[in-house]
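Notes to accompany the following structure.
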Amino acid sequence: MEAVRTFTTRTAEEITIRPAEPEDSCEIIDTIRSHARERSYVLMEQYGRGIASELDFIRTLDRLSNLLIVATAGVEVVGCLAGLQADDGKREETVGILHLGLHLREEFRGKGIGTQMLAYAIDWARESGFKKIQATIFTPNSHSIKLFSNAGFKEEGTRSHRIMMGSECVDKVVMTKSLE
């Protein structure tokens, strides 16, 4: 698999997908904290807390069992995708599961970037020996649910009342793709 992929969007923009580097940390955080409504509620448990923690996360990431890629338009990071091995690879029964999180700046949605990033992650997961990919998405984020569905992910279940969005308690859907 090639580490760097370049493609042209439906709107004739050249996009590069590549492994994240420490110098991408500020823009990754900006992408995660973008102003899209559903992004305001993303739980940044693994990365994105601040520049220092993001730098440390990227520098120490075990790239044999975890994936962190960015999509760039020119030099600007417009999307990021993290694929983290379930339970940090510490439990034999979950070692073959990769958890995905995908973030795109709102102004770059609908251009095929998310589709290309998911394809990259699926190829990487297969080559890395993963058996299953999993993503959890808050139900108001219908764009992401559709994106993952179009990539062959199936709804495996719903976790009810997972987070407060304003005065509303919303659900989170678990979507998976088998690689076997």
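The values are calculated or read from the model by the stated rules, or taken from the named source; none is laboratory data. The shown structure was predicted, so the numbers you read here are calculated from the model rather than taken from an experiment. Glycine gets a Cβ as well: all are built from the backbone with ideal geometry, and neighbour counts include every protein chain shown.
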query: Does Gly166 qualify as being surrounded by 14 or more Cβ atoms within 10 Å (Cβ to Cβ), closer than 25 Å to Arg33 by Cβ and out of contact with any strand residue (DSSP E or B) (no Cβ under 7 Å at 6 or more places or on another chain)?
result: no
- request: Could you please give the count of residues in region 70-104 that are in contact with a Lys or Arg (Cβ under 6 Å, 6 or more places away or on another chain) and of a type in the set (A, V, I, L, M, F, W, C)?
  value: 2
statement: Subset of region 1-49, residues exposed (fewer than 15 other Cβ atoms within 10 Å of the Cβ) and at pLDDT below 70, comes to His35, Arg37, Ser40, Leu43, Glu45, Arg49
query: Considering region 101-113 alone, what residues qualify as being in a helix (DSSP H, G or I) and within 17 Å of Asp30 (Cα to Cα)?
result: Glu106, Glu107, Phe108
message: Could you check region 126-143 and list, in sequence order, the residues that are surrounded by fewer than 22 Cβ atoms within 10 Å (Cβ to Cβ) and in contact with a Leu (Cβ under 8 Å, 6 or more places away or on another chain)?
response: Arg126, Ser128, Lys131, Lys132, Gln134
message: Between a residue in region 91-118 that is aromatic (Phe, Trp, Tyr) and any residue that is modelled with pLDDT of 95 or more, which pairs come within a Cβ distance under 6 Å, given they are 6 or more apart or on different chains?
response: Phe108/Val78
field: Single match in Gly101, Gly83, Gly110, Gly96 (criterion: over 21 Å from Thr8 (Cα atoms) and surrounded by fewer than 20 Cβ atoms within 10 Å (Cβ to Cβ))
entry: Gly96
query: Limited to region 135-172, what total is found for residues that are assigned to a strand (DSSP E or B), touching a Lys or Arg at 6+ places or on another chain (Cβ under 8 Å) and closer than 27 Å to Asp88 by Cβ?
result: 10
